[in-house]
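Novice: Here it is, the structure, as structure tokens.
The values are calculated or read from the model by the stated rules, or taken from the named source; none is laboratory data. Bear in mind that the values here come from a model prediction, so they are computed numbers and not experimental data. Because the Cβ atoms are built from the backbone with ideal geometry, glycine has one as well, and the counts that use them run over all protein chains shown. With ligands, DNA and RNA removed, areas are computed over all heavy atoms of the protein, side chains included. Shrake-Rupley method; radii C 1.70, N 1.55, O 1.52, S 1.80 Å.
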Amino acid sequence: MVLPLGDIMDIGFVAMTPIIVGITGIDSPLTMAGLCTLGYATGWVMRYNIRYFEPVSTEKGILRNLSNTSQGALIVASVVNVAYYLQLMGGVVIFIAVAPFNFDGGALSGSGIAVAVLVALGLIGFLRGLDKFNELSERTTAFNLAAVSAIIIGFAAYNLQVAVAGNWVLPDNNPPLTTQGARQILGFFALVQGFEASRYIGREYSAERRIRTMRDAQIVATVAFVLFPAAALLLFAQVRPNLGPTAVVQIGAVASPVLPLLILALAIGSQASAAITTISSRSDVLLDLSNEAIPRRLTFPILAAGAIAVVLVTDVLTAVATASRVFAVFFTLQCLIALILASRHEHWKQAVGIILVGLAMVVIAIFGLST
């Protein structure tokens with residue numbers, strides 16, 4: 001469960017929650033619940049393909065062709081996602097650890113930090129592989145879960161303190177959802193993906209184990225994704241920060257002086273871990289797609305170089321929206337695979353669900369928008 005959970009539970013949802021609060025106000029927990037529900041439904045399609053496509057995945061034909069095309073889309077989406085992970089990490093590091101001290105970092109920036117980390121990952125992967133780093137994923141994911149839980153508890157404790165003082169009032173923040181706001185929410189679909197990593201570790205784990213742990217990872221993530229904005233609404237209303245990726249640091253400092261440091265540790269731990277696990281798992285996808293014509297040691301710098309290119313031409317919000325749209329293309333192709341299999345097995349009820357998920361992915365791919 002560590003791999004999908006580590007990919008889902010990065011700091012992205014923490015940093016992007018302020019923007020979602022700005023779009024939907026007090027309905028933001030329901031917005032997150034809706035995104036997670038769509039993510040869970042998409043995970044259901046991926047689990048269907050684990051059970052029914054993997055046994056026939058080596059057969060030539062339309063299914064194999066669709067799978068290869070979807071793997072290409074997955075690699076592109078993952079490269080963009082890694083860029084977003086590390087841009088966000090770099091931005092939080094600059095905001096918390098550099099800016100408060102008026103340090104003249106010169107060329108030091110969030111993008112600069114992201115590029116430096118990607119160069120290191122590509123070089124280390126080329127020389128030694130990333131297996132040693134992956135061994136740390138379990139501990140890192142455990143820390144990430146503990147950190148997110150501590151942040152939610154800190155916000156909840158602040159709510160309780162205000163309530164005991166008799167000053168707790170539900171924030172009066174219920175903006176109408178505009179067309180642009182709805183498109184921006186679709187552009188955040190990448191926040192709830194990551195579960196698809198379970199589909200591509202079949203060399204190590206059985207199908208049933210991956211199906212079960214993917215589902216469990218999505219359930220755990222959903223609980224955190226919904227509780228976080230619910231616990232933070234009062235603080236957003238009182239502090240009224242600029243609703244960008246670093247706003248959570250500002251409200252965290254009001255709840256407890258420890259929380260900004262915890263958010264910094266979470267940013268470094270979760271984003272670096274997510275980047276490493278994504279590059280590692282997509283290395284296997286790139287190998288499969290090339291029929292192992294590309295040596296494994298070259299897959300790491302190839303993926304890192306692609307992410308560096310994205311960092312240099314986009315900002316973090318554009319990257320997450322782009323990733324959402326390309327992931328939607330990938331999941332649309334996976335839905336086509338699942339639909340063909342459902343018709344072969346006469347799973348007509350499942351076919352209806354697959355069609356609905358596929359249509360949702362098409363909508364995200366076409367209309368997803370950055371802020």
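Novice: Inside the stretch 98-133, can you point out the residues that are open to solvent by 50 Å² or more (accessible area, probe 1.4 Å) and at pLDDT below 85? Lay out the reasoning, then the answer.
Specialist: Step one: of the stretch 98-133, the residues open to solvent by 50 Å² or more (accessible area, probe 1.4 Å) are 99-104, 106-108, 116, 119, 123-124, 126-128, 131-133.
Within the stretch 98-133, ALA99, PRO100, PHE101, ASN102, PHE103, ASP104, GLY106, ALA107, LEU108, ASP131, LYS132, PHE133 meet the criteria.
Novice: Further question: Just to verify a result, which residue in the stretch 141-180, among those that are among the aromatic types (Phe, Trp, Tyr) and within 30 Å of ILE268 (Cα to Cα), is surrounded by the fewest Cβ atoms within 10 Å (Cβ to Cβ)? Walk me through how you get there before you give the answer.
Specialist: Step one: filter the stretch 141-180 for residues among the aromatic types (Phe, Trp, Tyr), giving 143, 155, 158, 168.
When the remaining residues are screened for being within 30 Å of ILE268 (Cα to Cα), the result is 143, 155, 158.
Numbers: PHE143: 16, PHE155: 26, TYR158: 22.
Looking at the filtered set, the residue picked out is PHE143.
Novice: Would the stretch 82-92 turn up any residue that is at pLDDT below 80 and assigned to a helix (DSSP H, G or I)?
Specialist: Let us first name the residues in the stretch 82-92 that are at pLDDT below 80, namely none.
No, the conditions are met nowhere in the stretch 82-92.
Novice: Listed residues ARG210, ARG199, ARG183; which is open to solvent by less than 20 Å² (accessible area, probe 1.4 Å), farther than 30 Å from VAL254 by Cα and of a type outside the set (Gly, Ala, Ser)? Spell out how you get there, then give the answer.
Specialist: Working: ARG199 fails: open to solvent by less than 20 Å² (accessible area, probe 1.4 Å); ARG183 fails: open to solvent by less than 20 Å² (accessible area, probe 1.4 Å).
Exactly one residue qualifies, and that residue is ARG210.
Novice: Please indicate, with yes or no, whether at least one residue in the stretch 200-210 is acidic (Asp, Glu) and assigned to a helix (DSSP H, G or I).
Specialist: In the first step, residues of the stretch 200-210 are kept if they are acidic (Asp, Glu); the result is 204, 208.
Okay, now just the ones that are also assigned to a helix (DSSP H, G or I), so 208.
Yes, the stretch 200-210 contains a residue that is acidic (Asp, Glu) and assigned to a helix (DSSP H, G or I).
Novice: Out of (1) at pLDDT below 95; (2) open to solvent by 10 Å² or more (accessible area, probe 1.4 Å); (3) of a type outside the set (A, V, I, L, M, F, W, C); (4) out of contact with any Pro (no Cβ under 7 Å at 6 or more places or on another chain), the odd one out for ARG47 is which?
Specialist: Against the list (1) at pLDDT below 95; (2) open to solvent by 10 Å² or more (accessible area, probe 1.4 Å); (3) of a type outside the set (A, V, I, L, M, F, W, C); (4) out of contact with any Pro (no Cβ under 7 Å at 6 or more places or on another chain), ARG47 comes up short only on (1).
Novice: Can you pull out the residues in the stretch 112-155 that are among the charged types (D, E, K, R) and under 18 Å from the mean Cα position of the chain (by Cα)? Give the derivation first.
Specialist: First, the residues of the stretch 112-155 that are among the charged types (D, E, K, R): 128, 131-132, 135, 138-139.
Hit for the stretch 112-155 is GLU138, nothing else.
Novice: Also: Test each condition in (1) free of Cβ contacts under 8 Å to residues at least 40 places away in the same chain; (2) farther than 15 Å from VAL76 by Cα for ALA342 and report the one that comes out false.
Specialist: Just one mismatch for ALA342, condition (1).
Novice: Moving to a separate point now. Against the definition (at pLDDT below 90, of a type in the set (Asp, Glu) and within 24 Å of the chain's Cα centre (by Cα)), how does GLU208 come out, yes or no? Can you show your working first?
Specialist: Values: at pLDDT below 90: no; of a type in the set (Asp, Glu): yes; within 24 Å of the chain's Cα centre (by Cα): yes.
Against the criterion (at pLDDT below 90, of a type in the set (Asp, Glu) and within 24 Å of the chain's Cα centre (by Cα)), GLU208 does not qualify.
Novice: Quick check: anything in the stretch 270-286 under 23 Å from SER70 (Cβ atoms) and among the charged types (D, E, K, R)?
Specialist: yes
Novice: Looking at this structure, is LEU30 without any contact (Cβ under 8 Å) to a residue 12 or more places away in the chain, of a type outside the set (Gly, Ala, Ser) and not in a loop (DSSP other than H, G, I, E, B)?
Specialist: On the way: without any contact (Cβ under 8 Å) to a residue 12 or more places away in the chain: yes; of a type outside the set (Gly, Ala, Ser): yes; not in a loop (DSSP other than H, G, I, E, B): yes.
In short, yes.
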